[in-house]
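Visitor: Attaching a single structure in structure tokens format; questions to follow.
The values are calculated or read from the model by the stated rules, or taken from the named source; none is laboratory data. This is a predicted model, so every value here is computed, not measured. Glycine gets a Cβ as well: all are built from the backbone with ideal geometry, and neighbour counts include every protein chain shown.
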Amino acid sequence: MGLNTLHAASRESLAAVEQTLPLADDLSAVGNELFSVVGLLSREGSLRRAVSDASTDPAGREQLVRGLLGGKLGAATLDVLAAVVKSRWSSPRELVDGVESLARTALLSRAEAQGRLDAVEDELFRLGRIVEGAPELEQVLTDVSGSADGKTALIRKLLGDKVEAITSTLVEQLVSQLRGRTVVGGLEELAEVAAKRRQRSVAHVTTAVALTEQQQNRLSATLERIYSRPIALHIELDPELRGGLVIKIGDEIIDGSAAGRLDALRRELAS
């Protein structure tokens, strides 16, 4: 489930709990520990229901978490988790979604503090395209019967030290805990979250030929004037377009490709 599908109560709780995330120095540890909590709650249905039961005393839910996980998690992570379980969530599943979102936010905030958020976003996007173009790899990583440890080991072997450490962590956690997502969809979601972290929209640009740096800068400036906000370009090559560009921003598609114009002409002639 993506954050866009969280119900109102869950969205409000998530926004409030995000304010309890610690300063930059502790963010990596908090992110990793929160991911371990996502795994625990995903496996333990009774615990998941107990910590999200709005009919019980919030202080009791906090006491349950601190008693169970005290000594296993850092103090900063326990404080975040206490805020989570004291909040109101629309369902047990959405509480887990919230913890996962907090883990991602912690790691992306750390990348931002290090000045590496742009690199992480770009790497996540490119990995999504690589996996999409390798069906056998995607099948192995998505296989629900596959070992989480095996998938993590495969990702580590594939990525090595070629990407940011935070990128590796995010991807490893994704493939080990897909939670109903596809790998490609999960990577796209992560790239979008990273882009929004920088308060920028993402323009998915498909082009028949590679764009020069000058052309990319000009396109970015044009889109920023149109949408009145910063725009991040994610560019893919597709020779079948036969010229021009296709730009997708959110649900809006700007089709300036030769193929798109031909399709539009065919629709007009057929009507």
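Visitor: State whether one or more residues within the range 217-234 are over 20 Å from residue 126 (Cβ atoms), outside any helix (DSSP H, G or I) and without any contact (Cβ under 8 Å) to a residue 12 or more places away in the chain.
Guide: yes
Visitor: Let me spell it out: the conditions are (1) surrounded by fewer than 18 Cβ atoms within 10 Å (Cβ to Cβ); (2) touching a Ser or Thr at 6+ places or on another chain (Cβ under 8 Å); (3) part of a helix (DSSP H, G or I), and residue 126 meets all of them except one. Which number is the exception?
Guide: Residue 126 satisfies all of (1) surrounded by fewer than 18 Cβ atoms within 10 Å (Cβ to Cβ); (2) touching a Ser or Thr at 6+ places or on another chain (Cβ under 8 Å); (3) part of a helix (DSSP H, G or I) except (2).
Visitor: Taking residue 204 as the residue in question, decide whether it is within 20 Å of residue 124 (Cα to Cα), touching a Phe, Trp or Tyr at 6+ places or on another chain (Cβ under 7 Å), assigned to a strand (DSSP E or B) and touching a residue at least 12 places away in the same chain (Cβ under 8 Å).
Guide: In short, no.
Visitor: Out of everything in the range 179-220 that is of a type in the set (A, V, I, L, M, F, W, C), under 23 Å from residue 134 (Cα atoms) and not assigned by TED's automatic domain parsing to the domain that holds residue 256, what residue ends up being surrounded by the fewest Cβ atoms within 10 Å (Cβ to Cβ)? Explain how you work it out, then say what you get.
Guide: First pass over the range 179-220, keeping only residues of a type in the set (A, V, I, L, M, F, W, C): 183-184, 187, 190-191, 193-195, 202-203, 205, 208-211, 219.
With the extra rule that they be under 23 Å from residue 134 (Cα atoms), the set shrinks to 183-184, 187, 190-191, 205, 208-210.
Narrowing the set further to residues that are not assigned by TED's automatic domain parsing to the domain that holds residue 256 leaves 183-184, 187, 190-191.
Values: 183: 23, 184: 18, 187: 25, 190: 25, 191: 25.
Selected residue: 184.
Each row is one residue, and each column tells you yes or no for (1) charged (D, E, K, R); (2) within 21 Å of residue 96 (Cα to Cα); (3) in contact (Cβ under 8 Å) with a residue 24 or more places away in the chain.
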site: 110; (1), (2), (3): yes, no, yes
site: 116; (1), (2), (3): yes, no, yes
site: 137; (1), (2), (3): no, no, no
site: 148; (1), (2), (3): no, yes, yes
site: 154; (1), (2), (3): no, no, no
site: 170; (1), (2), (3): no, yes, yes
site: 179; (1), (2), (3): yes, yes, yes
site: 189; (1), (2), (3): yes, yes, yes
site: 199; (1), (2), (3): no, no, yes
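Visitor: Let me ask something additional. Using beta carbons and a limit of 8 Å, which pairs, at least six apart or on different chains, have the first residue in the range 235-250 and under 8 Å from residue 204 (Cβ atoms) and the second one among the basic types (Lys, Arg)?
Guide: Sorted first by the residue in the range 235-250, then by its partner, the pairs are 236/129.
Visitor: Now, a different point. Condition test on residue 102, is it assigned by TED's automatic domain parsing to the domain that holds residue 194 and in contact (Cβ under 8 Å) with a residue 12 or more places away in the chain?
Guide: No; evaluated as a whole, the condition is false for this residue.
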